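Written below as structure tokens is the structure these notes are about.
The values are calculated or read from the model by the stated rules, or taken from the named source; none is laboratory data. Quantities reported herein were computed from a predicted structural model and do not represent experimental measurements. Here the Cβ is made from the backbone with ideal geometry for all residues, glycine too, and neighbour counts use every protein chain on show. The protein model used for the area step is the full one, side chains on, heavy atoms only, and it has no ligands, DNA or RNA in it. Shrake-Rupley method; radii C 1.70, N 1.55, O 1.52, S 1.80 Å.
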Amino acid sequence: MGTSSVSKSTQIALYVIFAILMMALGASDALRGVFAPIFEEHFALSASDLSLIITVSYIGNLVFMLLGTRIADSFGLRSVFIVTMLLWMAALASYLVTDNFILLLIGMFFAMGASTLLNIMLNLMSPFLFAAPGMILNTLFFTQGIGTTSAQSVISASVEDFVDWRLVNGTLLVLGAIAVVSFAFLSRGIAGLSRAQKSSAAADSAQYQHETGQVSAPKVSYAEIIKAPAFWFLFLIFGFYFVAEHGIMNWVNIYLIRGKGLSAAEAAVFPSLFFGSMTLGRLILSKLVDKMGIMGSLRLCFISGTVVYVISFVFGGNAYYLFGLSGFLLSIIYPTTMLAVQLYFPAYNAATATGVIMAVATIFDIAFNAVFGSIIEAVGYDFAMSLMPIAMVCGMVCFVIFERMRSLRLRDSVGGK
């Protein structure tokens with residue numbers, strides 16, 4: 001249920017702006033994998049050096065997620081959203097004026113960290129901006145997927161040298177400039193986006209009082225969240241899943257080129273199939289979540305998607321086309337598991353718990369990519385890539401165990417006891 005008092009015309013304008021931004025962010029996030037072969041040649045990088053690019057970007061994720069929402073509590077959603085967009089744009093601008101590997105790493109830190117925080121901030125702002133925030137968010141993630149898939153199909157098949165890297169990021173920078181100026185103008189004075197607004201805090205206190213009988217919600221601490229048994233299960237589920245999904249984005253392209261001898265155009269087909277089908281799945285399977293419930297739909301899609309994902313890797317060749325089906329089946333895992341956090345944490349700290357879980361789970365990405373290049377150099381691409389289906393199986397097993405432990409839940413559905 002939306003709480004927005006924003007005029008319909010402003011809602012439409014904001015939606016268009018966010019759709020442009022999300023497409024740009026989706027493309028930006030995919031560029032590490034798309035341009036990995038170009039980076040390898042241009043900077044004379046080893047596989048370990050390529051790992052460093054990806055590792056640094058996920059460290060950016062960790063830092064931005066841990067600090068960003070806390071800063072937003074002090075300075076307001078609108079201000080932090082605008083500053084985060086400017087940081088993302090500054091990272092893109094740095095790509096245009098430098099040809100230095102260290103500066104590229106610094107840019108990756110800020111670009112990926114800012115991109116992830118913008119996604120989270122958009123989730124937090126949507127109830128203040130849109131009358132139907134749930135539907136709006138689903139379609140915005142759909143547009144983000146279009147950006148990701150376009151980068152992996154159209155861009156990946158056509159890039160040839162480092163000049164293309166600058167051209168693509170220059171285009172994204174222009175889109176970002178349009179988005180930040182338009183948002184800054186349209187969002188002035190919208191209730192809930194400024195720290196000065198007290199309505200949101202009052203609503204949180206009322207909800208907490210209703211759920212617990214206590215007058216006001218206690219101050220949320222990280223220690224309280226980490227002590228919860230559900231935290232550790234969700235940490236493992238997200239962590240293993242991140243390795244499996246992000247491995248497709250960051251490594252499959254160069255694996256198929258260097259390890260399997262495919263051309264850039266041929267290799268681009270398979271990650272674009274995975275994320276293109278994932279984009280479509282998030283639009284189609286959202287109805288499945290409504291029908292089967294959060295945990296029931298997750299169980300069905302996690303198990304079936306993992307089976308197809310593993311088959312794709314094990315058999316290779318034509319089986320790589322099954323990446324499309326696995327992406328479709330796994331499409332709801334990330335957004336719906338984020339939604340599931342609300343089943344295990346009280347309302348007054350569910351948002352913070354989500355941010356902490358997501359941030360800490362990023363450690364999996366950091367650790368995996370820190371050593372993955374060395375593993376490739378030591379044992380070759382084929383064995384190294386087998387770690388991704390293993391991670392997916394581990395994530396699925398953790399979920400199945402977690403889902404059966406109903407005693408950990410505070411409620412059986414979001415919005416109800």
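For a modelled paramagnetic label at Ser407, 7 Å from Cα along Cα-to-Cβ, the residues of region 325-345 in reach, with backbone nitrogen under 18 Å, are 344-345.
Which semi-axes, in whole Å and largest first, does the equivalent ellipsoid of the chain have when worked out from the alpha carbon gyration tensor as the square roots of 5 times its eigenvalues?
Working: eigenvalues 227, 137, 73 Å².
The equivalent ellipsoid of the chain has semi-axes of 34, 26, 19 Å.
Between Val97 and Leu167, what's the calculated FRET efficiency when r is the beta-carbon distance and R0 is 22 Å? Round to 0.05. According to the calculation, E is roughly 0.95. What's the center-to-center distance, using Cα atoms, between region 30-73 and region 376-417 in Å? Each part's Cα centre sits 23 Å from the other's. The residues of region 250-315 expose on average 40 square angstrom of accessible surface per residue, using a 1.4 Å probe on protein heavy atoms.
GNM on the chain, alpha-carbon springs under 10 angstrom: the most fluctuating residue among Gly26, Gly327, Gly261 is Gly261.
Of all aspartates and glutamates in the structure, not one lies under 13 Å Cα to Cα from Lys291 without also being fewer than 8 positions from it along the same chain. FRET efficiency for the Ala367 to Val397 pair, using the beta carbon distance and R₀ = 22 Å, is estimated at 0.70.
Ignoring ligands, DNA and RNA, what percent of the 1.4 Å accessible area of region 85-188 is carbon and sulfur?
Values: 3040 of 4030 Å².
In region 85-188, the share of accessible area belonging to carbon and sulfur is 76 percent.
On the beta carbon distance between Ala13 and Leu300, with R0 = 45 Å, the FRET formula returns roughly 0.75. Protein-only accessible surface at a 1.4 angstrom probe places the residues Cys301, Cys398 in the order Cys398, Cys301, largest first. With each label modelled as a point 7 angstrom along the Cα→C-beta vector, the Ile226-Arg70 pair spans 1.1 nm.
Helix content alone sets the calculated 222 nm mean residue ellipticity of the chain: runs of n ≥ 4 DSSP H residues at -39500 (n - 2.57) each, divided across all residues, give -26000 deg cm²/dmol.
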